[in-house]
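The structure appears below as structure tokens.
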Amino acid sequence: MLTRIISAIIGISVAITVLFLHKTIVFPIAIAAVIGIMLFELVRAVKLEKCIPILVSAEICGISLPLIYHQWYVTLYNEKEWYNGFIDAHNIITFGITLLCSFVIFVTWLNKHKEIQYSQIFFVLACMVLVPHAMSTIVLIEEQAGEHSVFFIVMGLCGAWIADSGAYFTGVAIGKHKLCPEISPKKTIEGFVGGIISTAVVFAAAFFVYNRFIAENPLELDAVRYILVAAAGMVCAVIGTVGDLSASMVKRQIGFKDYGKIMPGHGGLMDRFDSVLFVLPTFYMFVKIIGIIDISW
């Protein structure tokens, strides 16, 4: 327990430092580092971490995306007349890096087809697309939310973690019926429902408190949007549970207890961010649709 607490304190301290520097290059570099570690853990999960061409290709594809996103918005804000041209350049660069890295992986597979199975290759390909795009959503939120960026980043992350905490405490209190006993024996249907409700309540309350007492320039929120915010919390809770169960299923089929040991007592970064991979893009989509984040050049 002491080890878990110490790891949590260190992790929270690092997170606060990164958030404090969110308007600097430190922020996308930190996200790139998180993506890099997560990809290493996933590549190692399918026993390809010693195949350098595959590992390096996956890492390059992953860590480049948040830096490209950051540079994209820096250019947009500082050189607005370059907008259309840079949009094209951004898409070409992102696609080009992904294509090149995929090509290297396939060539390596052809060269080592007797040692490497197709399931390993396509797992790596899926991860090197999903993980960086999902985690880089946090860079989009930071750049587009302006003065409210820290609040939205925290809420995007909490969309996953509040549901997990709510489900845990509800499950301990009244949980009787197993949700997915073969994948995650401790999860219950009652806990799942409790996580959904608690996330909805916390989302609505957090937006209300922030808007009423903290924000210097309040967000445009009416009664309907508060209801939509609560609905967004509910959807994030469901999506986060799917992400958590999916990552747990991969670990069980591979035979892993944890993806890594970078956080003693907690496992690897994939163990901490598995549900975040699904929740962040969902949260970003909701706040854009609701109209809470509305970027203007």
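Would you point out which residue out of MET270, MET234 is in contact (Cβ under 8 Å) with a residue 12 or more places away in the chain and either farther than 30 Å from VAL43 by Cβ or in a loop (DSSP other than H, G, I, E, B) (or both)? Spell out the reasoning first.
On the way: MET270 fails: either farther than 30 Å from VAL43 by Cβ or in a loop (DSSP other than H, G, I, E, B) (or both).
The conditions single out MET234.
Residues that are closer than 17 Å to PHE152 by Cβ and modelled with pLDDT under 85 within region 220-265 comprise GLU220, LEU221, listed in sequence order.
Every residue, every condition in (1) closer than 23 Å to ALA145 by Cβ; (2) modelled with pLDDT of 85 or more, yes or no:
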{"site": "ILE10", "(1), (2)": "no, no"}
{"site": "ILE16", "(1), (2)": "yes, yes"}
{"site": "ILE25", "(1), (2)": "yes, yes"}
{"site": "PHE40", "(1), (2)": "no, yes"}
{"site": "VAL74", "(1), (2)": "yes, no"}
{"site": "PHE103", "(1), (2)": "no, yes"}
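Scanning region 275-292 for residues that are modelled with pLDDT under 85 and under 23 Å from ALA15 (Cα atoms) yields a total of 1.
Going by the structure shown, is ILE105 outside the structural domain of PHE213 (by TED's automatic domain parsing), surrounded by fewer than 20 Cβ atoms within 10 Å (Cβ to Cβ) and farther than 30 Å from ALA215 by Cα?
Details: outside the structural domain of PHE213 (by TED's automatic domain parsing): yes; surrounded by fewer than 20 Cβ atoms within 10 Å (Cβ to Cβ): no; farther than 30 Å from ALA215 by Cα: yes.
Judged against the criteria, ILE105 is not a match.
Would you confirm, using the coordinates I've provided, whether GLU49 is buried (at least 21 other Cβ atoms within 10 Å of the Cβ) and touching a Phe, Trp or Tyr at 6+ places or on another chain (Cβ under 7 Å)? No; evaluated as a whole, the condition is false for this residue. For ILE227, are the conditions met, namely being among the hydrophobic types (A, V, I, L, M, F, W, C), in a helix (DSSP H, G or I) and not assigned by TED's automatic domain parsing to the domain that holds ILE68? Yes, satisfied. I'd like to check something: does region 272-279 contain any residue that is surrounded by fewer than 18 Cβ atoms within 10 Å (Cβ to Cβ) and not assigned by TED's automatic domain parsing to the domain that holds ALA45? No, that holds for no residue.
Here ILE116 clears all of (1) aliphatic (A, V, I, L, M); (2) part of a helix (DSSP H, G or I); (3) in contact (Cβ under 8 Å) with a residue 24 or more places away in the chain except the condition numbered (2).
Per the listing PHE208, PHE203, the residue uniquely assigned by TED's automatic domain parsing to the domain that holds LEU157, closer than 28 Å to ILE35 by Cβ, in a helix (DSSP H, G or I) and of a type in the set (Phe, Trp, Tyr) is PHE203. Only residues that are surrounded by 22 or more Cβ atoms within 10 Å (Cβ to Cβ), modelled with pLDDT under 85 and of a type in the set (Ser, Thr, Tyr) were counted across region 148-193, and they come to 0. Step by step: first the residues of region 124-161, then only those that are β-branched (Val, Ile, Thr) and under 18 Å from LEU19 (Cα atoms), then the one that is farthest from the chain's Cα centre (by Cα). Which residue is that? So the residue we want is VAL150.
Scan region 20-43 for residues that are over 13 Å from ILE63 (Cα atoms) and surrounded by fewer than 17 Cβ atoms within 10 Å (Cβ to Cβ) and jot them down.
If we filter region 20-43 for residues that are over 13 Å from ILE63 (Cα atoms), which is where we start, we get 20-26, 41-43.
Answer for region 20-43, where residues must be over 13 Å from ILE63 (Cα atoms) and surrounded by fewer than 17 Cβ atoms within 10 Å (Cβ to Cβ): PHE20, LEU21, LYS23, THR24, ILE25, VAL26.
The values are calculated or read from the model by the stated rules, or taken from the named source; none is laboratory data. It should be emphasised that the depicted structure is a prediction, and the values quoted were computed from it without experimental measurement. Cβ atoms come from the backbone with ideal geometry, glycine included; neighbour counts cover every protein chain shown.
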